Number of protein chains: 2
Amino acid sequence: MATTTITSVGDTCRSAKAASRALATLDSERKDAALEGIAAALQKHVVEILEANARDRDAARDSGLSAALVDRLTLDEARIDAIVGAVRRIAELPDPVGEVTEGFRLPNGLDVRKLRVPLGVVAVVYEARPGVTIDAAALCLKSGNAVVLRGSAAAAHSGAVLASVAIDAAGRAGLPEGSIAFLSGGGHEQLAELATQTGIVDLIIPRGGEDLKTALEEVATVPVIYAAAGNCHVFVDRSADLEDARAIVVNAKLQRPGVCNAAETLLVHAGVADTFLPGMLRTLHDAGVTLHADERARAAAAGVPVVAATDEDWDREYLGLDLAVAVVDSLGQAIEHINAHGSGHSEAIVTRDTVSARAFELGVDAACVYVNASTRFTDGGEFGMGAEIGNSTQKLHARGPIGLRELCTFKYLVEGAGQIRP
Amino acid sequence: MATTTITSVGDTCRSAKAASRALATLDSERKDAALEGIAAALQKHVVEILEANARDRDAARDSGLSAALVDRLTLDEARIDAIVGAVRRIAELPDPVGEVTEGFRLPNGLDVRKLRVPLGVVAVVYEARPGVTIDAAALCLKSGNAVVLRGSAAAAHSGAVLASVAIDAAGRAGLPEGSIAFLSGGGHEQLAELATQTGIVDLIIPRGGEDLKTALEEVATVPVIYAAAGNCHVFVDRSADLEDARAIVVNAKLQRPGVCNAAETLLVHAGVADTFLPGMLRTLHDAGVTLHADERARAAAAGVPVVAATDEDWDREYLGLDLAVAVVDSLGQAIEHINAHGSGHSEAIVTRDTVSARAFELGVDAACVYVNASTRFTDGGEFGMGAEIGNSTQKLHARGPIGLRELCTFKYLVEGAGQIRP
């Protein structure tokens, strides 16, 4: 296995930049072979990976990390299998590099193609989940980028072993040295150094909580795409199929409450509040959800225990078993509420009315707008992109799942026969 | 004509945000009618526009502005005609909003469409050229965005009259109030206020020099796309058609030296330096170009007066009658020089060799890579996008000309029949 030598952040990034020049011109077969090499190497080193992970978990328990965080940190054979499977799925995806997205001939005969090319060097800064080490590396390599990985101290052992296995396998597959780099967590100074490698690092993607985001916002001069919070809504329209609505709300809230595409607020049209809410709230309450209801939702609760919603509840991403509930008078009011309080992630309407569906689609300003489906589908895997590297709620470059294409920029190739501008 | 009332930057931007919600759902016919209204109104108010421009020019001359800057400031009937023509061409372009760029059905039956939607509020900060007022407004409206215009003090009168004509015409055509806003130049504090309207202004596009860029970089929390400098190269390969090469170099350097897609460095393969350089340098010298040549280019100059290039010359954007000239031993050396010193704008190779052409296209990291054509074609108009709002040398979101599509983001619309995630 590769030995780790201490090098500066600047050296690591410059080495990644040099590697990125070669990676950008590599054909898909070579990249896919490297990914298969990484997958096979992970399977071969399962025991070492699990040992390293056990050390991280012991340290986490000793330092009093919450059970939820320890779970995020945990690898077992099934999870490693899932990581390996994701690498192989990424290898099977079409290569985004070289894809011509537009092409035309100008009146003067110049042939113009706009085609996808790698960004160059992508740095991924993440917390806890050690599997991100491999996900991020695989997505970056497949899209022709060199990747600089910076994990958290909590997953230091797992991350180091996973990265080492990947670096080693990539090298054996003939990828240029520096294609994958791993910085073991070195505090805010290291982060600041990474975030100011202007002209060398082309993009930073943080995967972590608000603290990480704030820390980056303060120092970054390199472009950052924030995989931001999801304050997602389900709006049950007056014309909704209430059975569908019930199933969608349960799914959006409960199928996995700790993720960014889970619902945090339920909006119900006044015309169906009395019919829909009692049963719906009972189901949610029985599933352990604390319901933060506005006055009209409380009035319709029909004895189901709820608490009074505060103004802050409309803006909260609970990431747990809490749900804000409000009754609105109209579709317009629902859209206004969502645009005022939502984080622009995933928003759903349940309706049988085509006019409502279209107005919701046009009016809601979010990455993903759902009609009669759960918000939980916002995911690179679900959207057929392979494993995603995050979800963007910003509007520039990448909005929604960040997959292979979003890890590319493009260039215009213009071919002529001596054309000059008159 | 609309009267101008003093409102705060924050109020102006919030009003633009409200307008942007309505603009985003407006159909093309309505937007195109507003653009035609603006074009007609400009023609009707030519006299007032010219009067205001005369005041700006007088003030500029009094304050000792250079002739080049006064020229940038100047409007005459021909230039106003050109502005009007650009507005009408933008109206005729296809509406980018609603364009489906991808669409697919997921295995679970969900129908996913990725479609272009307006960004929301775009602020354009510009210097000198008063015509940008109208260009920027037309491009933003056509792409469904509200626009906040901030001109420079030097063009205060022209900008105010042009904006006023446009605001008035847009209102008469039924666009929501706040769709176009004009901030008369109010110094750095105003710029800082504009650049920190997080969540309200969705994008700032500066069109100006390095001072403006630096001022924004220091304060902006809102996303910025810098219409950056162009240090463009022409590389004459060993196999080049030297007649084509001569014409392309002359065009790239001399057709309009003051713009970002003009050539600033000429690289010549050592194999043709002695054949090509004497005549080429003579032509450039006779046209008034100061030639900053490296040692080998000086040796090949055959008596044409040149000066010795310094290390700084390779990184300079002269924007005038200067050209750096170097001889390189190989295509690889040329690519390396360009990637080290270029600004990633527009780079050209002149060659008859398909292997060289392909290696240059793959290896050069720039927005636009030309084979056997002048760098001067990097332009939204030339690329068929209509008037451009700038040229981006960054890699995220927009690279190259920023036209209508680049003023959009997108969203995913996902339609189902009650799907939930298993």
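Every number in this text was worked out from the coordinates using simple rules, so none of it is lab data. Please read all numbers here as calculations on a predicted model, not as lab measurements. Positions of Cβ are backbone-derived with ideal geometry, glycine not excepted, and every protein chain shown enters the neighbour counts.
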Original post:
Given B:Pro107, B:Val122, B:Ala82, which one lies farthest toward the positive end of the charge dipole of region B:80-137, if we put +1 on the Cβ of every Lys and Arg and -1 on the Cβ of every Asp and Glu?
Top reply: B:Pro107
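Taking each residue of B:357-369 in turn, how many C-beta atoms of other protein chains fall within 10 Å of its C-beta, and what is the average?
Shielding by partners across B:357-369 averages 4.
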Subject >> Packing rank of A:341-351, A:94-104, where each peptide gets the mean count of other beta carbons within 10 Å, highest leading >> reply: A:341-351, A:94-104
Original post:
Distance from the Cα centre of region A:103-179 to that of region B:85-100, in angstrom?
Top reply: 37
Original post:
So what is the calculated 222 nm ellipticity per residue for chain A, using -39500 (n - 2.57) for each DSSP H run with n of 4 or more, over all residues, to the nearest 500 deg cm²/dmol?
Top reply: -13000 deg cm²/dmol
**OP:** Per residue of A:392-400, count partner chain C-beta atoms within 10 Å of its C-beta, then hand back the mean as an integer.
**Re:** 5
**OP:** Calculate the mean, over all residues of peptide A:371-379, of how many other protein chain Cβ atoms lie within 10 angstrom of the residue's Cβ.
**Re:** 6
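Hey, with R₀ at 22 Å, roughly what FRET efficiency would B:Ala299 and B:Gln333 work out to, going by the Cβ-Cβ distance, to 0.05?
Details: r = 17 Å, r/R0 = 0.78.
For R0 = 22 Å, the calculated efficiency reads 0.80.
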Original post:
Under 5 Å between amide H atoms, partner at least 5 residues away or on a different chain: which partners does A:Phe410 have, H built in plane at 1.01 Å?
Top reply: A:Val117
Original post:
Under 5 Å between amide H atoms, partner at least 5 residues away or on a different chain: which partners does B:Phe235 have, H built in plane at 1.01 Å?
Top reply: B:Leu267, B:Ala348, B:Ile349, B:Val350
**OP:** Please figure out what share of the DSSP beta bridges in the protein assembly as shown is antiparallel and state it in percent, rounded to the nearest 5.
**Re:** 25
Original post:
Using the Karplus equation 6.51 cos²θ - 1.76 cosθ + 1.60 (θ = phi - 60°), what ³J(HN,Hα) coupling, rounded to whole Hz, does each residue of region A:292-303 give in order, writing x for Gly and Pro?
Top reply: 9, 10, 6, 4, 6, 5, 5, 5, 8, 6, 6, x
**OP:** Using only C-alpha atoms and all pairs of different ones, pull out the Kirkwood radius for region B:232-377 in Å with one decimal.
**Re:** 14.5
Original post:
What are the label-to-label distances in nm, one decimal and shortest first, from A:Ala40 to the same spot in the other copies, with labels 7 Å along Cα to Cβ?
Top reply: 7.2
Original post:
Using modelled backbone amide H atoms (1.01 Å from N, in-plane), which distant-in-sequence or interchain residues come within less than 5 Å of A:Gly390's amide H?
Top reply: A:Ile402
**OP:** Express in whole angstrom the spacing between the alpha-carbon centres of region A:187-232 and region A:1-68.
**Re:** 20
Original post:
Based on the alpha-carbon gyration tensor of chain B and its eigenvalue square roots a ≥ b ≥ c, which shape applies: rounded if a/c is under 1.5, prolate if not and a/b is larger than b/c, or oblate?
Top reply: oblate
Original post:
So how tilted is helix B:9-23 from the main axis of chain B? Cα-based, degrees 0 to 90, rounded to 10.
Top reply: 80
Original post:
Which of rounded, prolate, oblate describes the protein assembly as shown, given a ≥ b ≥ c as roots of the alpha-carbon gyration tensor eigenvalues and a/c under 1.5 marking rounded, otherwise prolate only if a/b is larger than b/c?
Top reply: oblate
Original post:
With Cβ to Cβ distances under 12 Å as the rule, what net charge do the other residues near A:Ile49 carry (K, R +1; D, E -1)?
Top reply: -3
**OP:** Return the sequence-ordered ³J(HN,Hα) values of region B:53-70 in whole Hz as given by the Karplus equation 6.51 cos²θ - 1.76 cosθ + 1.60 applied to θ = phi - 60°, using x for Gly and Pro.
**Re:** 5, 4, 4, 4, 5, 4, 4, 5, 5, 4, 8, x, 5, 5, 4, 4, 5, 4
**OP:** For each pair in A:Lys142/B:Lys395; A:Lys31/B:Lys114; B:Lys44/B:Lys142; A:Lys17/A:Lys44; A:Lys44/A:Lys142, compute the distance between the two Cα atoms and list the pairs where it is over 25 Å.
**Re:** A:Lys31/B:Lys114; A:Lys17/A:Lys44
Subject >> Per-residue ³J(HN,Hα) for region B:316-329, Karplus 6.51 cos²θ - 1.76 cosθ + 1.60, θ = phi - 60°, Hz, x for Gly and Pro >> reply: 8, 9, 5, 6, x, 8, 9, 8, 8, 9, 9, 9, 10, 7
